[in-house]
Amino acid sequence: MNAKIPHASDSPAGRSQGPADDSGAPTISGSEPGTFAWGVLHKRHPALIRQVRDAFPYGPGQHRALDILLEEITNGVVEPLDTSDQDHDQWSAWGREHFGRSWFDVPFLWAESYFYRKLLAAVGYFGAGPWRGVDPFAPFKQAELSGAAVDEELQALDTLADLPADERATALLHASLWGNRADLGFRVSAAEPDLGDTDPGLVADDSAMLWSLLPERAPATVAVVADNAGRELIPDLILIDHLLEHGRAARVVLHVKPGPYFVSDATTADVIDCLRRLLRAPGAAGETGKRLWAAMAAGRLEVRAHPFFCAPFPYEEMPEDLRTDFATAGLTILKGDLNYRRLVGDRLWDATSPFADLTAHFPGSVASLRTLKSDVVVGLSRQTLNSLERSGHAWRTSGTHALIQARR
């Protein structure tokens, strides 16, 4: 996670804030009270600091560092990392336009990413002491993974065995899509809605195109960029098993974060925890776990953790080695809200802006499976947008709506 990430933004001339700087679409920040971004910075991040503080028996030094961070994000300005931090120089380059400014005035995508980097530093994740490498979000992830809801979801997998193949594939795709609601960071604030009682709806559905990009007996590698661990990652793994078993992918590369990030974002350790959870389950879930374990041993399922996934930039600025990986894949499937924001650019786009145009920079075919939990959305029909706007609901940010979008 501290590795150097070479890309264009290391120089001022190479820095951009989205797919099209001349688009006229404003870059999202938290400067306007009452907006979603403002709520994350003003409410969710302070609440998360308090939750992390209570999740482990941290010592006085870590408590002091967390207090300093809380004061900085609520009443102070963006401060550089400590000069002793391994990645100080890198973040100094990335943040030179933002240091000394209010957290609410810098680009929201950058502010969120830097907040998590500073939170990890405060609890000693990167330090030389005994807390090095201890995931501060692990208790939240483990509690979710061991919950009764996961048992029920794994048992439901048995009911799919008798469905026709196309119906089973659709059910697994939708399980992976709606599993994105299982986002621990999204539920930090007590003001967030209870997602269990919502009436979900797709605002865009390119699933037919997605399946056309995954033909049976295809020799291609499929890349899957994970989002959350636990209750989202399990249906992602089950979908990956389906792709491998039914010949829609010869090989799958699962991209995860190289370290803890955005509370519930998946790391390699989380992948292993989910595989073990599947292996312990009876019935179809247990068999799926066995196949996935064997697939990893055979190289048909590979886990990668590029440091760019913890960098504060859109995919348009990805380094060349990662661009090459995606270019050689038959299809890249991006999971979740953050990946979507990084794909199209964290801007207030007109929601009818074409998805294909804003993702033209991405190397190769790409699909997004995303539950809406932020303001960014593109590719909607005018009729759909008008209907959603008339509904009076916070459809962009409440997690009650989702989309499947794809581009060849």
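Throughout, read-outs are computed from the coordinates displayed, never taken from laboratory work. This one's a predicted model, so the numbers in the text were calculated from it and none came from an experiment. Methodologically, a virtual Cβ is constructed for each residue, glycine included, from the backbone with ideal geometry; neighbour enumeration extends over all protein chains shown.
Can you compute the charge dipole magnitude of the chain about its Cα centre, using +1 on each Lys and Arg Cβ and -1 on each Asp and Glu Cβ, nothing else charged? Give it in debye, rounded to the nearest 20. Walk me through the numbers on the way to the answer.
Numbers: 40 positive and 54 negative charges, 93 e Å.
I would put it at about 440 debye.
Can you put K373, K257, K290 in order, fewest other beta carbons within 10 Å first? Don't jump to the answer; show the numbers that get you there.
On the way: K373 27, K257 23, K290 13.
So the ranking, lowest neighbour count to highest, is K290, K257, K373.
What number comes out for the charge environment of F126, summing +1 per Lys or Arg and -1 per Asp or Glu over other residues with Cβ under 13 Å away?
Values: positive: R117, K118, R132; negative: D82, D85, D87, D135.
In short, -1.
In the calculated pair distance distribution of the stretch 10-134, what percentage of Cα-Cα distances lie above 20 Å? The partial results should precede the final answer.
On the way: 3703 of 7750 pairs.
Of all Cα-Cα pairs in the stretch 10-134, 48 percent lie more than 20 Å apart.
Where does the chain land at 222 nm, in deg cm²/dmol rounded to the nearest 500, when only DSSP H runs of n ≥ 4 count, each adding -39500 (n - 2.57), divided by all residues? Each step should come with its number before you reach the end.
Working: 16 runs with 164 residues, N = 408.
Taking each H run of at least 4 residues, the total per residue is -12000 deg cm²/dmol.
Here are a few candidate values for Rg/Rh (Cα atoms, Kirkwood Rh): (1) 0.94; (2) 0.97; (3) 1.02. Which one was actually calculated from the structure I just gave you?
Here the calculated entry is (1).
Under a Cβ-Cβ cut-off of 11 Å, what is the net charge of the residues other than Q405 that fall near it, where Lys and Arg count +1 and Asp and Glu count -1?
Details: positive: R370, R407; negative: D205, D206.
Counting the neighbours of Q405, the net charge comes to 0.
Counting Lys and Arg as +1 and Asp and Glu as -1, what is the net charge of the other residues whose Cβ lies under 15 Å from the Cβ of A218?
Numbers: positive: R217, R248, R251, R300, R408; negative: E216, E245.
Here the charged neighbours net out to +3.
For the chain, what does the relative contact order come out to in percent, with C-alpha contacts under 8 Å and a separation of six or more? Walk me through the numbers before you get to the answer.
On the way: 675 pairs, mean separation 83.9, N = 408.
Relative contact order here is 21 percent.
Please order Y261, Y58 by the number of other Cβ within 10 Å, starting at the fewest.
Numbers: Y261 24, Y58 20.
Ordered by Cβ neighbours within 10 Å, fewest first: Y58, Y261.
Between S146 and A250, with labels modelled 7 Å along Cα→Cβ, what's the label distance in nm to one decimal, could you check?
Result for the modelled spin labels: 4.3 nm.
Can you sort D151, D87 so the residue with the fewest Cβ neighbours within 10 Å comes first? Walk me through the intermediate numbers first.
Working: D151 13, D87 18.
Exposure proxy ranking, most exposed first: D151, D87.
Could you check the spin-label model distance between H393 and K43? Points 7 Å from the Cα along Cα→Cβ, value in nm.
1.9
Can you give the FRET efficiency for E79 and D321, using 1/(1 + (r/R0)^6), R0 = 35 Å, r = Cβ-Cβ distance, to the nearest 0.05? List each step's numbers first, then the result.
Values: r = 31 Å, r/R0 = 0.89.
My answer for the efficiency is 0.65.
Could you calculate the contour length gain from V134 to A269, that is, 0.36 nm times the residue separation minus the distance between their Cα atoms, to one decimal place in nm? Could the numbers behind the result be given before it?
Numbers: separation 135, 0.36 × 135 = 48.60 nm, distance 1.12 nm.
The span from V134 to A269 would gain 47.5 nm if fully extended.
With a point put 7 Å past each Cα toward its Cβ, work out how far L385 is from T170 in nm, to one decimal.
Once both label points are built, they end up 2.8 nm from each other.
With springs connecting C-alpha atoms under 10 Å apart, model the chain as a Gaussian network and identify which of S387, S92, S29 has the largest mean-square fluctuation.
Sorting by GNM fluctuation, first place goes to S387.
When the dipole is taken about the Cα centre of the stretch 10-134, and only Lys, Arg (+1) and Asp, Glu (-1) are charged at their Cβ, what size is it in debye, to the nearest 20?
460
May I ask for the distance between the Cα centers of the stretch 92-155 and the stretch 284-338, given as a whole number of Å?
Cα centroid to Cα centroid, the span is 20 Å.
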